[in-house]
Structures are given as structure tokens and as C-alpha cells.
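For reference, the structure discussed in these notes is given below.
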Amino acid sequence: MDATVAEILIPLALDQTYSYAVPEGIVLAPGDVVAVPLGPRSRVGVVWSLRLGGASNLKQVEGRVDAPPLSPALRRLVDWLSWYTLAPKGSALSLVLRLPGDAPEVARVGVRLAGPPPARMTPARARVLAVAEGGLVHTKRDLAQRAGVGVGVIDGLVDEGTLETVALRPEPVAERPDPGYAHPALSEHQRAAAAALAAAVATAAAPATSAPSPVILLDGVTGSGKTEVYFEAVAECVRLGRQALILMPEIALTSVFLERFSARFGTKPTAWHSGVSGRRRERVLAGVASGDVRAVAGARSALFLPFRDLGLVVVDEEHESAYKQEDGVTYHTRDMAVVRGRLEGCPVVLASATPAIETRVNVARKRFGRVALPERFGGRRLPDIRPIDLRADPPPPGRFLSESLVAELRATTSAGEQALLFLNRRGYAPLTLCRSCGHRSSCPNCSAWLVEHRFRRSLVCHHCGHAERVPESCVACGSVGSLVPCGPGVERIAEEVATLFPDSRRIVLSSDFPGGTERLRAELAAVAAGDADIVIGTQLVAKGHNFPSMTLVGVLDADIGLTSGDPRAAERTFQLLQQVTGRAGRGAKPGRAVVQTYQPDHPVIAALISGEAERFYREETAAREAAGLPPFGRLASLIVSATDRASAEQHGRALARMADPPPGVTVLGPAEAPLALIRGRHRFRLLVKTTRDVRLQDFLREWLIRTEKPRGSVRVQVDVDPQSFL
Ligand code: ADP
Ligand code: ZN
Ligand code: ZN
């Protein structure tokens, strides 16, 4: 008998499914996308389960929606995501469910010669007929262009019956990548690594496979050819007729990367990022669901695409903290990629020159495999890294480049080579101070200083986007001309470089680059092509780019980030500095890096300079273990916020009182968050620390149920495995 009741999950912040009656004559299956009435509206939802039962008092499913059903693997991913992150199931579904929009399918029509010449011949018509001769099908626009006439002339000939219209097949959304298009000459290490990855792809595709598919760390220094190597795994996947997904940080998805793929496979991969919209978005979705699209390179949301037959997931730059989604459903892309791989039965490759400690420990525990590329391709050396002790070699007053750094820059530019100056601070100056009264410009909505952006002539809050014009006089004491910028941002460094090297071609690259992501991608390509002498950039330039003519990297302030309260501060700083110094010497010429620091003996800086990465990681891992921090213990934070401070604090206290932590669980706080105010909301944090054997999610769920529901403006946001502690 056919099911009479359907449990429908709706992509709204609801944690449960709703029961609807299945209308007679419709047979539904789990995963089907349907329309259902909810309140006064019709909503789209997904059939989560079906059963027999009395349905007379239930509202009816309105009907099926024309969208590919959600696969069992994707449905389980939604369940898993919501279980793990404590986000409502409906919110998790909304990441996965992308509905067909209302952009109509534009029918592609062509025209071809069909009937006798027109009664009235004109020179324009004669030109059209000459081009159309031979009976080939042209689009109207193409035919008009070739004949040098307006489209109206073509329409006239169609009306006369001289030309006829024919339907064209839709353009394919993507060409098939050809795994045999180019065969790179791999080094011996690269060949072994590629073979291991390809073997995992092949094993997972074999029909009799029962072993869980592996997660493999591809661990190789910058420039060792990780991309070339995982391309071979992609090639094997495509050869087997399956689909491959390459995840990367949004900004690493550059045309340079797409071209590299194209050089290997004869065509670009299908890109998926926030800029893909409208009709293109739908066609990609349809192509991914039908299996036509064989290789996707995408930012984190690509993880939720409805692949028909996923055979491989690559997570490039797996250590990247941008992979953590901080709003809404707070998932980590790398961890969810591992889950998706398990659910789909396909291998997952995590690529990095600086693998996260979590990943290293998973390798040590034999939960992940590891394939290593120990050296740079082509015998290229890693850059020599030299410290500049700012105590001994300080920049002149009001400047930020020491004389040694300036000398290095001079040597580089006069040799016609490219240099990168790295400072992880956007804008011109991180703080504006009144010299007369000491007033500091701060954001009205956040507990944060306003950052001066001189190109935009404004003071900007980096947390909420609040912007105001730089005032003429101090808002506190009224003094005119008393405001002074304190400290440097990249714009200020650019100004200093312009004074020192007026003839150089300079470019400032940071995430607030005017013109948005697309222009930024274009600028990164220009840098890679050598169209700049000195690049001044934030961490954005450290993310997996390949700048072949770059031979010098200068780190302006290596100490930024070492003093934050984040338990991963040391690891993050080490990774970032290693990544950014690794931009030097990836092309034919050797590279070098100089690092300005006040603390050359700090373990992070010392390890960077001596190249003793393994030692640093060993010590850092031991420290984490001793402190019971991830991955040796588990963390979750609860952020309680409200429009008034007292309500937020009160609810935080109520939560703490109700915690009743079992053995192995510690609840800390509430404490006012370091960013105590964001966008007008006051924030308090609680931190939950548990041993590894505790079922953290169960504890959190029961705790939240026990505590009274937040009222008024109070919100509680749960962040499992938090990456940010602000
Ligand atoms: P990684 O991702 O490990 O930093 P890439 O894959 O970007 O390294 O490779 C670094 C550079 O070396 C690139 O310019 C790449 O084209 C080149 N390269 C790496 N392996 C090979 C190879 N086998 N043949 C030719 N060029 C290679
Ligand atoms: Zn003042
Ligand atoms: Zn603000």
C-alpha cells in the first residue's frame, strides 16, 4: 500500500519535520521536493520519511516541485550537520536545497535556409542569403553579424519563408575534462603520491568495495606540486566516469587556477562561488545533479551540491580558517567534507603545506592516511628566512620599513623581480587618536576602534561596516588638526613604499579591495603575470597563489596575532607566516624572506626562521594535549547576545546555573566577550570544555532544553569546535 502520511522538512529555522497527507494518485519517495501549505503560504520542502496512518486531519501535500530529489547521502548530511552543529534541521536543509529560480529557460533557436528567395531582394537580404548558403544553422544574432545587417532583416526573411527557425540543443553547461589531454612529467615523489591518490579513487569506485573510503592528507611544502598531484586523482575520477569536487578558499579560485586545470584537462572546471548566479547557477546545479558536470572547483558552499556520483573530494589549503562558517549553521568545511566523503563512499584528499594540528593528530591516530611531497618541484629551494630584530634595526620615526628591508626591496626591484610586503591589517591606520585630548575614534555599534581608510577617506568599523567621514576636528574636544593615525595598515605601507620607490608599479591587495571579488581575482592574475613590482597585501595574498616572478617576501610585523587569547594563536601565526614566506621563489629564481619582529626568540618566530616546523608542531601539539584542548578535548562556545547588556548577562548566568556538568565537562563563564558589542548587540560567552569521550552534542542539547528559552532580544548561538574566540 502507498504511504498516506509524509514527514516534510522545510528549509526554515525549524528543528522538526511536519506531517502532511499524501494526496491520492501521487506516489512520493523520500528526497522528493514538494510544495506544502504552511500558515497562509505555500512552501517548498523535502519528503524526509513516509508512513501509513490516518491522514484525514492533516493538510495535503500540494504537489511535486520540478527539482531533482535529494539523494540519501545529502539527506544524511543534513541530519548529521544539524546533529553536530545543533543548528535546526531546516537551517541545515537550506544549505543544501537550492530551488529552481524563476529565470525562464531561454529557448535557443537558430535559422537556416528553407524556401525560395524573397519576392523583394535588397542588398542586405542578398548578403544574408550568401552567408546562409549551404544550409548551416546559425543563431539569428550570429547570422546578422556575419552579414552586417540588423536582426530585423533576418526576421523579415523568416516571415517570407526564405529562412526557417529551428530549435537548437542547449549549450552544454561544461565541457568534459579530458584526463588524457596533457601528461605532466611528474617527479618521482610526485608520481608516487599521485599513484597513491589515484589508487584510492579507483578502489572506492570498484563495485565490491566495502571498506570505508579513506581520508588522505597530501602534505607538501609550498611549491612541491600538490596541485599537479591531486589533478592526477581528479583525472582518475573522471576516467572512471565519476564526479570530482575541489574545494578551495573563495579567493584562491582564480583564473590562474582555472587555467592550470585547463592546461591539464583541456577545459576549465565548473566554478562554483558566490559570484555564480541566476541562470548559470541553475544550469550548473542541473548539470551536477545529472552527472554531466564532471569536475567542480568551488568555495565552501560547493560542499552541498547535489552530485549524482561523487568520486573524489579535494580540500585545498585544508588548514585555512576561512573554511569555518561563522554565521547561521556554524560548520567547518573540511570536517563536513570528510563526513560527505564517508556518506558518498568516496575518498577525501586534504592538501596543505601547513596541515592543521587536528589533521596531523588524525594522521598520527591512523584515522587519516598521509602522502608526502618532501621537496619543492624542480629542485627549487624553500626561501631563506632571515629575521630583522626591530629593537636593533628600528625604522626611522613615523616609518615602518627598517633599513635592511628597504635594502632588500631595492635589490629585488633593481633586478627586475617581484616583492611582496605582508601586513595583516587592512586600511591606513588601525587607530585614530586625538593628540590634544587622547580621544580614540571608536564604533558606535561595536567595541572596536575605527580603522582609517584613506583611499575611501573614511573611518570604518571592521566588524559591522559602520563608516563615517574622517572629521576635520576632534569630536570630543573640538581641536582642529589634532587627529593622528596610530600604527600602520597596508595603505600606509603603500604610501611609504611610494615615497621610497616612486617609479615602481605598486598594488595593494586586501579583502576590501574596491570592485569586489571578481576584480580582486583579476588583480591577482595580473600579479601572477608579473604586472607589479611591489605587492602590499594582507593574508589574502597568502592563500594558495602562485606568483612565479616573486623572489622576496617582507613580513612587516611578524608579532601580530601572537598575543591574542585564541588557543590556536601560535599555530595560526606559524601557518600564516609559513604560507606567506612560501610565496617567494616558486618560479625559476630562488626566493628569500625577511621578517621584522620584536621577538626573534619567540618559539613561533624561531621555528619559522630555523625551518624546524616539525619541532614547532611537536611542542604545540604537546601543549594542546596537556591543556586538554582540541583535538585532545572538545570545545563549544555559547554566545549570548541581546540589545541590552543586562539581559545578555542575565541569560548567560541562567545558562551557567543550569549547566550541571557531568564528569569530564567544564563550563566556563559567562564572561563578557572580547568583542563585547557587535552591531549594537551586547555579548557574553560561555565556553564548554570536555574530554574526548564525552558526547558533547548530547550534553549541549539537554542543557539548552533544561534552561528557560531566551526571551525578548536575547539570542543564544552555539558554536561547536569554535575557531574564533572574540
Ligand atoms: P603547491 O600547490 O604544492 O604549492 P603547485 O602545484 O602550485 O605547488 O606547483 C608549484 C609550481 O611548480 C607550479 O608553477 C607548477 O606548475 C610547477 N610544477 C609542479 N610540479 C610540476 C611538474 N611535475 N611539472 C611541471 N611543473 C610543475
Ligand atoms: Zn580631542
Ligand atoms: Zn561596528
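The values are calculated or read from the model by the stated rules, or taken from the named source; none is laboratory data. Predicted model only: the values in this text are computed from it and were never measured. Here the Cβ positions follow ideal geometry from the backbone for every residue, glycine too, while neighbour counts run over all protein chains shown.
Assorted remarks:
- Test: residue in the stretch 367-390 that is in a helix (DSSP H, G or I), modelled with pLDDT of 95 or more and either among the basic types (Lys, Arg) or buried (at least 16 other Cβ atoms within 10 Å of the Cβ) (or both): no
- The stretch 422-448, subset assigned to a strand (DSSP E or B) and buried (at least 22 other Cβ atoms within 10 Å of the Cβ), residue farthest from ligand 1 (Cβ to nearest atom): Thr432
- Qualifying residue in the stretch 376-399 (condition: of a type outside the set (Phe, Trp, Tyr), in contact with an Asp or Glu (Cβ under 8 Å, 6 or more places away or on another chain) and touching a residue at least 24 places away in the same chain (Cβ under 8 Å)): yes
- Set side by side, the residues Trp48, Trp83 differ, and just one is assigned to a strand (DSSP E or B) and closer than 30 Å to Lys324 by Cβ, which is Trp48.
- Note on the stretch 319-351: residues that are assigned to a strand (DSSP E or B) and at pLDDT 95 or above total 5.
- Qualifying residue in the stretch 409-432 (condition: out of contact with any Gly (no Cβ under 8 Å at 6 or more places or on another chain) and within 16 Å of ligand 2 (Cβ to nearest atom)): yes
- In the stretch 38-45 there is no residue matching the filter, namely being surrounded by fewer than 18 Cβ atoms within 10 Å (Cβ to Cβ), modelled with pLDDT of 95 or more, over 22 Å from Tyr331 (Cβ atoms) and in contact with an Asp or Glu (Cβ under 8 Å, 6 or more places away or on another chain).
- Contact annotation: residue pairs with Cβ atoms under 7 Å, 6 or more positions apart or on different chains, pairing a residue in the stretch 337-352 that is at positive phi with a partner that is away from ligand 1 (no atom under 16 Å from the Cβ), are Gly345/Ala204; Gly345/Ser213.
- Single residue of the stretch 456-493 satisfying the filter (under 25 Å from Val535 (Cα atoms), over 27 Å from the mean Cα position of the chain (by Cα) and surrounded by fewer than 21 Cβ atoms within 10 Å (Cβ to Cβ)) that is nearest to ligand 3 (Cβ to nearest atom): Ser458
- Filter pass, Cys446 being in contact (Cβ under 8 Å) with a residue 40 or more places away in the chain and within 16 Å of ligand 2 (Cβ to nearest atom): no
- Of all residues in the stretch 223-251 being under 22 Å from Lys324 (Cβ atoms) and in contact with a Lys or Arg (Cβ under 8 Å, 6 or more places away or on another chain), the one that is farthest from ligand 2 (Cβ to nearest atom): Leu247
- Listed by position, the strands (runs of 3 or more DSSP E) inside the stretch 449-494 whose residues that are within 16 Å of ligand 2 (Cβ to nearest atom) number at least 2 are 483-486.
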